[in-house]
Each structure stands twice: as structure tokens, then as C-alpha cells.
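Trainee: Quick one: the structure is below, and I'll ask about it shortly.
The values are calculated or read from the model by the stated rules, or taken from the named source; none is laboratory data. Note that the coordinates shown come from a computational prediction; the quantities given were computed from them, not determined experimentally. Note that each Cβ is placed from the backbone with ideal geometry, even for glycine, and that neighbours are counted across all protein chains shown. Side chains are part of the model used for accessible areas, which takes the heavy atoms of the whole protein and leaves out ligands, DNA and RNA. Shrake-Rupley method; radii C 1.70, N 1.55, O 1.52, S 1.80 Å.
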Amino acid sequence: MWRCINGRIARRFLSTASASTRGWWDHVRPAPKDPIVSVNEAFLADPFPHKINLGMGTYRDDDGKPFIPQCVRDAETKIKARFKFEESNYSAASSKFVEESVKLAYGKDSYVIKEGLFAGVPSLSGTGACRLFAEFQRHFYPHSQIYLPDPTWSNHHNIWRQAEIPVKTFHYYHPDTRGLDFPALINDVKNAPDCSFFLLHPCAHNPTGVDPTEEQWREISYQFKVKNHFPFFDMAYQGFSSGDLDKDAIALQIFLEDGHLIGCAQSFAKNMGLLEHKVGCLSVLCRNIKQATAMKSQLQHIAHSMYSGLPFRGILLVNVILSNPVMEALWRKEVKVMANRIQTMRATLRHCLENLDSSFNWEHITTQVGMFCFSGLTPDQVKHLEKLFHIYLTPDGRISMAGVTTSNVNYVANAIHHVTRINEEALFMEQ
């Protein structure tokens, strides 16, 4: 009897609850998928045993496996032996982490370090640093906009739009030369409203692999000074452009020499192999200590509302490596090894394609730098690579060079040659 009554009550409750909540989420539609996420999902769903993922943004060794530098393994051992979590340790470690990160960006002997002219907070990798700065921009410059290079990492658009900052683009890549469209870039900088926010990649541009020369950076800095633009650098791949961490930060140092205030998002997910720890840093340069103190308090306030605190272990790992000269030297050598492997794969892939008597010019494979090669492949050619050869990359033709290895480079070259020849033959038939 009670069970029956209880059942009726339950059915009546569910019916009432269903009626009262009906319509809450009916207007919610699936969000568009990030291109890189879509590529990875397609790759994982493919049962073919010899499939190749050229869409990932993280480093892989020559066996195609995730790479954890030896310096990180050594740091892990030190942490296990010496450290335990305490609130006071967290605060001190966070401050030390920001200081070491800023030294890496601007140089250990930079006056901004000695005089304390920076505000910074740990962040959820480089993405979190960008998102945090976008929130800061929304709070303190609500009527501003952000200029992003065309093209840029697709998530940059999402980050600033989610912060309700209008997004505009400036010329960057020239599809015919597969290099930098420098005259158009400078023209856009000159024509942007005074005091505009610009996002710049200081090294290893994602997705094109095209970086300005030192002379071009000096001209960009000069034009920014004339227009009083604010440069925000997203430095996700420091070390992967040249193999030299300091050389890859030359753009920031040029802007610093010219007297700019600068914002910088840093990530240690790639160059330290700390993807699972999501370790990053946001820093902003300031005129004086008073301004730096105020800026830091605001960044901390915004960060606290977004994610409160960060995992402690990743911060400790970076601190141990950057504050120990021996371990930092080992890390710098390992970054050089990673960059050299990518450069070798670039040269090998180009050589293989040219040996196939391709009618296309593949010089850009070696003139571009860093993790990515903007191959020039069309979306249709990318689809053919996936369908015929089980090779996966983003529709814009961006190749993650970390996915190219000694064992698969010939296969990749032959596949690219095949899909580009299909288009060439189709054009010939049309004529």
C-alpha cells in the first residue's frame, strides 16, 4: 500500500518537475568544435594501425611519443624529497615563479626585474594567461578592441569574444609567398586607431611558422610607439623557433628597449613538457612600483574569481628548474635538441618532396620556423590525406612538424605529393 502511494507521489513529483523545468535548455545548441579538437577526435576514432596525427600542438619525440625532459624528471625527484604543501609555501612559490618567468621573457639583468616594474600571476598555461588579460581588458578598457594577426591560433578569437572584446584582424601571412606580408602589416598598424591593443606572437607563430626578422620587429615596435598601441605577446613556444630561449624573446626585448609597456602570456606546457600541469604566467610591465602593486592586486582579484588557485606541483617544478643554474642549463640543452629535431624533419620532408619531382615549390617548409608548417594544402587536399592515407591535420593545412618522424617522413611526403598531384591533374583536364 505504501509502496503504491509512494510510487504515485514519485510519478506526480517527476511530472510536476518535468513541467516546471521544461524549456530551460531548449535554446542551447551544440557549440562549434575547435578545429584541433575535431582533428584529434577523428584521429582517435580511426582504427587504422598506422594513422598519423599532424594536428597536435605539443612536442613529440622521434618515436612519436610525448617527451618529458630529463630536467623535469630530476625536478620531480627533488620535489618528492624536499617539499610539502603549505599555504605560506604556495604564496612564496607563486611569487618566485612569476619572477623567474619574467626573467626568462625579458632577461635576468633587465631593469624591470631589478626595479620591480612588473605585475604577474600564475595562470592556467598560456590560454589562461590570455583569458585573464582579456578579462582585465574588459574591466578597465570596456570600449576597446583587440587586433589579432590573420591568421592566428583559432582559440584567440574565442578567448577575446568570450570576454566581450570586439575582435579585428591585421594582415600577417601572404598566401602567395607563404611568408610575412610585412607592408600590409605595417599599413594596418598605422591605420588602427591610436592606443589599440594588438596580440603578437614573438616567436614560432601559430599556425604559419612565419616570424618577422629582427629588423622587422624594430620597425613594428617603432610604429607601435608612434601610434601608442599596446603590445600583448602570446609566447607559447619559446625556444622552438631558433632553439635558443633568449633569441626567441628578442621581440620583447626590442619593445622593452623602445620604452613600451608590455603584456606577456607564457606557457611551459610545450617547452618543459608540462602539459598535464597547465603551468603558465601572465605578466604586465608598469611605470613604477605603485602601479605594479595596483596592477597585481587587480590581476589576482580577477584570477581568484576565475579559478582561485593553481596546482602547486607545476609551479614548483618550474621554480626548481629555473632557479638552479645546472638544471636550467640542462633544460636549455634539451630545448635545443627538440628544436633541432623539428628543423631536421623540415629539411627531410622538403628533400623527400623535391626528390619526388613535385612541380610545387616546397622551400617554405624550411624557411618557416617552430612547431608548425603552413603547408599551403587546401581543405580538399587535407580531406584526401585523411581519407586515402589516414594522415590528420587541420583544414587550413597546418602541419605539426613534431608529428613527422624519421620512420614516417617518406610516407607523409608521398601522401602530400599524391594529393597535390590529384589537383594538378584535375586542372590539366579542365584545360
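Trainee: Can you work out ³J(HN,Hα) from phi for every residue in region 158-174, in order, using Karplus 6.51 cos²θ - 1.76 cosθ + 1.60 and θ = phi - 60°, giving whole Hz and x for Gly and Pro?
Mentor: Running phi through 6.51 cos²θ - 1.76 cosθ + 1.60 with θ = phi - 60° gives 4, 4, 6, 5, 4, 7, 6, 9, x, 10, 10, 10, 10, 4, 9, 9, 9 Hz.
Trainee: Can you pull the one-decimal nm distance between simple spin-label points at ALA184 and THR58, each 7 Å off the Cα toward Cβ?
Mentor: 3.5
Trainee: Still on this structure, please answer the following. By its C-alpha gyration tensor, with a ≥ b ≥ c as the square roots of the eigenvalues, how is region 125-278 shaped: rounded for a/c under 1.5, else prolate for a/b larger than b/c, else oblate?
Mentor: rounded
Trainee: Given points 7 Å out from each Cα along the Cα-Cβ axis, report the LYS168 to LYS103 separation in nanometres with one decimal.
Mentor: The modelled label-to-label distance comes out at 4.0 nm.
Trainee: If you filter region 34-121 for chymotrypsin sites (Phe, Trp or Tyr not before Pro), then keep DSSP loop positions with at most 15 other Cβ within 10 Å, what is left?
Mentor: Answer by residue number: PHE83, PHE85.
Trainee: Can you tell me how much longer the chain between LEU44 and GLN291 gets when fully stretched, taken as 0.36 nm per residue apart minus their C-alpha distance, in nm with one decimal?
Mentor: The LEU44-GLN291 span can extend by a further 84.1 nm.
Trainee: Shape verdict for region 321-390, please, from the Cα gyration tensor: rounded (a/c under 1.5), prolate (a/b greater than b/c) or oblate.
Mentor: Prolate, because a/c is 1.5 or more and a/b exceeds b/c.
Trainee: Can you give the longest run of the chain that contains no trypsin sites (Lys or Arg not before Pro) sitting in a DSSP loop with at most 16 other Cβ atoms inside 10 Å?
Mentor: Here the longest run is 109-286.
Trainee: Which whole-number percent gives the relative contact order of the chain, counting Cα pairs below 8 Å spaced six or more residues apart?
Mentor: 23 percent.
Trainee: Can you give the accessible area per residue of the chain, in Å², using a 1.4 Å probe?
Mentor: 50
Trainee: Within region 78-187, list the GluC sites (Glu not before Pro) lying in a DSSP loop whose Cβ has at most 13 other Cβ atoms in a 10 Å radius.
Mentor: When the GluC sites (Glu not before Pro) of region 78-187 are filtered for loop state and at most 13 Cβ neighbours within 10 Å, GLU86, GLU115, GLU164 remain.
Trainee: Determine the percent antiparallel among the DSSP beta bridges restricted to the chain, to the nearest 5.
Mentor: 50
Trainee: Tally Lys and Arg at +1 and Asp and Glu at -1 over the other residues with C-beta under 10 Å from the C-beta of GLN368: what net charge comes out?
Mentor: 0
Trainee: Count charges around GLU135 for me, please; just the other residues with Cβ under 13 Å from its Cβ, Lys/Arg as +1, Asp/Glu as -1.
Mentor: Charge balance near GLU135 sits at +2.
Trainee: Would you mind getting me the FRET efficiency between ASP246 and ASN410? Use the beta-carbon distance for r and R0 = 51 Å, nearest 0.05.
Mentor: Efficiency, rounded to the nearest 0.05: 0.90.
Trainee: Need the full-extension length gain, ALA329 to LYS51, defined as separation in residues times 0.36 nm minus the C-alpha distance. One decimal, nm.
Mentor: This chain segment gains 96.4 nm when fully extended.
Trainee: Kindly write out, for region 103-119 in residue order, the coupling ³J(HN,Hα) from the Karplus curve 6.51 cos²θ - 1.76 cosθ + 1.60 (θ = phi - 60°), rounded to whole Hz, with x marking Gly and Pro.
Mentor: Once rounded to whole Hz, the list reads 4, 5, 7, 10, x, 4, 9, 5, 5, 5, 6, 4, 9, x, 8, 8, 10.
Trainee: Further, regarding this structure: Could you tell me how far the Cα centroid of region 347-371 sits from the Cα centroid of region 104-154, in Å?
Mentor: 35
Trainee: Go ahead and estimate [θ] at 222 nm for the chain from helices alone: -39,500 (n - 2.57) per DSSP H run with n ≥ 4, summed, over the residue count, rounded to 500.
Mentor: Mean residue ellipticity at 222 nm (helix-derived): -16500 deg cm²/dmol.
Trainee: Among rounded, prolate and oblate, which fits the chain when a ≥ b ≥ c are the square roots of the eigenvalues of its C-alpha gyration tensor, a/c under 1.5 means rounded, and a/b larger than b/c means prolate?
Mentor: Verdict is rounded for the chain.
Trainee: Modelled label-to-label distance, ASP357 and GLU115, 7 Å Cα→beta-carbon offset: nm?
Mentor: That separation, rounded to one decimal, is 6.5 nm.
Trainee: Here's a follow-up. With the chain treated as a Gaussian network of Cα nodes joined by springs under 10 Å, which of ALA119, ALA75, ALA294 yields the largest mean-square fluctuation?
Mentor: Maximum fluctuation in the GNM of the chain, among the listed residues, is at ALA294.
Trainee: Here is a further query. Each residue of region 376-392 in order: what ³J(HN,Hα) in whole Hz does its phi give by Karplus 6.51 cos²θ - 1.76 cosθ + 1.60, θ = phi - 60°, with x for Gly and Pro?
Mentor: Listing the rounded values in order: x, 5, 7, x, 5, 5, 4, 5, 5, 4, 5, 6, 8, 10, 6, 10, 10 Hz.
Trainee: Which one, HIS205, HIS301, HIS364, has the greatest fluctuation when you compute a Gaussian network model over the chain with C-alpha springs under 10 angstrom?
Mentor: Evaluated over the chain, the most mobile residue of the options is HIS301.
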